[in-house]
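Working notes for the structure below.
Taken together, the values in this text are just the output of simple stated rules run on the coordinates, not laboratory data. Source: prediction; values computed, not measured. Glycine also receives a Cβ, built like all others from the backbone with ideal geometry; neighbour counts cover every protein chain displayed.
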Amino acid sequence: MTGDISFGALPAKAEVIEVCSRDGFQNVKTFIPTDVKISMLDALVGAGFKTIEVTSFVSPKAVPQMADAAEVMTDFKRKRPDIEAVALVPNVKGAEKAFQSGADTLNFVVSASESHNRENTRRTVEESLSELEEVCRLRGDKKGVKIRVSVATAFFCPFEGEISRGAVLKVIDRALSLGCDEIGIADTIGTAHPLKVLDTLKAVRERCPAEEVVLHLHDTYGMALANAMTALFLGYRRFDAAAGGLGGCPFAPGAAGNVATEDMVNFLERLGIKTGLDLTKILSVSHSIPDRLGVSLCGHLAVTRIPS
Ligand code: COA
Ligand code: ZN
């Protein structure tokens, strides 16, 4: 595969969405007490995030870590009506719980790959899309609540290998036809590379404006920031990231963590792209993760001893 990544203008601003309390926590094997989850969110808020993916409303049998989603979301929205709280949902039941708990945005996940969708949600892609239709119908009278449809395994799948952009566009076209507000493009297993990202995002750009798209990049092969750079040159400027580089889908074998928030913010700011976030505060939250959660840090900035 060859490609021409032209070096166009970079944006002046970008948005980083913190997802540690969803994608990060879901991959921690021992249950994190609810008060620890809440105190970590309190600390993250202090860094200035406008949008945080707070939790996921999924089956507690599938992901026991998220059994306290309603409590965490309710606490979050009670304290911070002004911060956009995102909740990942895989089905109607999750959407109903997210609506009840006051989530501002539902992040409905559908994989481009049939095999991963089945592992993750026990549904075919078509079944998930039918369920999305029902979620959109339920949202009808809840104006103000946004629906983002995130296409998981958008580049590579742990079971099927390379994913065609046609499979990604199929999910996106359906989501847009249902009136969904945003699209997420997820490198769930973190093996995408810039030319693959270029190929898919160029096609996505024909379908919906870049400001309605969020990139979700894991860093298994260490190319998440290179992929982000590719996306920036194409006009995309909204990125998920997880403090401490935590994360990984429990149903995608081999997936490493997300791009670390501190690495993403450092990268963007050094490119002269404003994030409005306080890197020192983010780093201090990330450095607290081993004590708070009993897991090791990933990423770069949080583990280096070179002063930033
Ligand atoms: N939230 C809470 N509970 C849920 C739920 C949700 N969104 N969806 C289903 N449940 C409950 C059901 O009530 C049922 O409970 P019961 O056994 O006590 O009656 C149980 O979970 C099984 O329900 P069912 O509809 O048969 O679901 P399933 O077993 O086919 O599982 C999913 C399907 C989608 C719910 C499950 O695979 C899931 O939660 N997947 C998400 C995986 C994930 O979080 N991946 C990482 C993020 S991408
Ligand atoms: Zn993820």
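Within the bounds of segment 235-246, is there any residue that is hydrophobic (A, V, I, L, M, F, W, C), buried (at least 24 other Cβ atoms within 10 Å of the Cβ) and more than 11 Å from ligand 2 (Cβ to nearest atom)? Quick ask: steps written out before the conclusion?
In the first step, residues of segment 235-246 are kept if they are hydrophobic (A, V, I, L, M, F, W, C); the result is 239, 241-243, 246.
Filter once more, keeping what is buried (at least 24 other Cβ atoms within 10 Å of the Cβ): 239, 241-243, 246.
Checking which are more than 11 Å from ligand 2 (Cβ to nearest atom) leaves us with 239, 243.
Yes - at least one qualifying residue is present in segment 235-246.
Out of the residues in segment 269-285 that are within 13 Å of G46 (Cβ to Cβ) and touching a Leu at 6+ places or on another chain (Cβ under 7 Å), which is surrounded by the most Cβ atoms within 10 Å (Cβ to Cβ)?
Only one residue fits best here, namely V285.
Output the residues belonging to segment 165-188 that are in contact with a Cys (Cβ under 7 Å, 6 or more places away or on another chain) and within 16 Å of ligand 1 (Cβ to nearest atom).
Those that are in contact with a Cys (Cβ under 7 Å, 6 or more places away or on another chain) and within 16 Å of ligand 1 (Cβ to nearest atom): I183, T188.
Of all residues in segment 71-94, which are more than 14 Å from the chain's Cα centre (by Cα) and either near ligand 1 (Cβ under 9 Å from one of its atoms) or on the phi > 0 side of the Ramachandran plot (or both)?
N91, V92, K93, G94
Working carefully through the options T220, T191, find the one that is polar (S, T, N, Q), assigned to a loop (DSSP other than H, G, I, E, B) and either free of Cβ contacts under 8 Å to residues at least 12 places away in the same chain or in contact with an Asp or Glu (Cβ under 9 Å, 6 or more places away or on another chain) (or both). Working first, answer last.
Details: T191 fails: either free of Cβ contacts under 8 Å to residues at least 12 places away in the same chain or in contact with an Asp or Glu (Cβ under 9 Å, 6 or more places away or on another chain) (or both).
Answer to the selection: T220.
Restricting to segment 105-159, give me the number of residues that are without any contact (Cβ under 8 Å) to a residue 24 or more places away in the chain, part of a helix (DSSP H, G or I) and either more than 21 Å from the chain's Cα centre (by Cα) or within 21 Å of K77 (Cβ to Cβ) (or both).
Within segment 105-159, residues that are without any contact (Cβ under 8 Å) to a residue 24 or more places away in the chain, part of a helix (DSSP H, G or I) and either more than 21 Å from the chain's Cα centre (by Cα) or within 21 Å of K77 (Cβ to Cβ) (or both) number 4.
With respect to R139, determine if the residue is crowded, with 19+ Cβ neighbours inside 10 Å and not aromatic (F, W, Y).
Values: crowded, with 19+ Cβ neighbours inside 10 Å: yes; not aromatic (F, W, Y): yes.
So R139 fits the description; yes.
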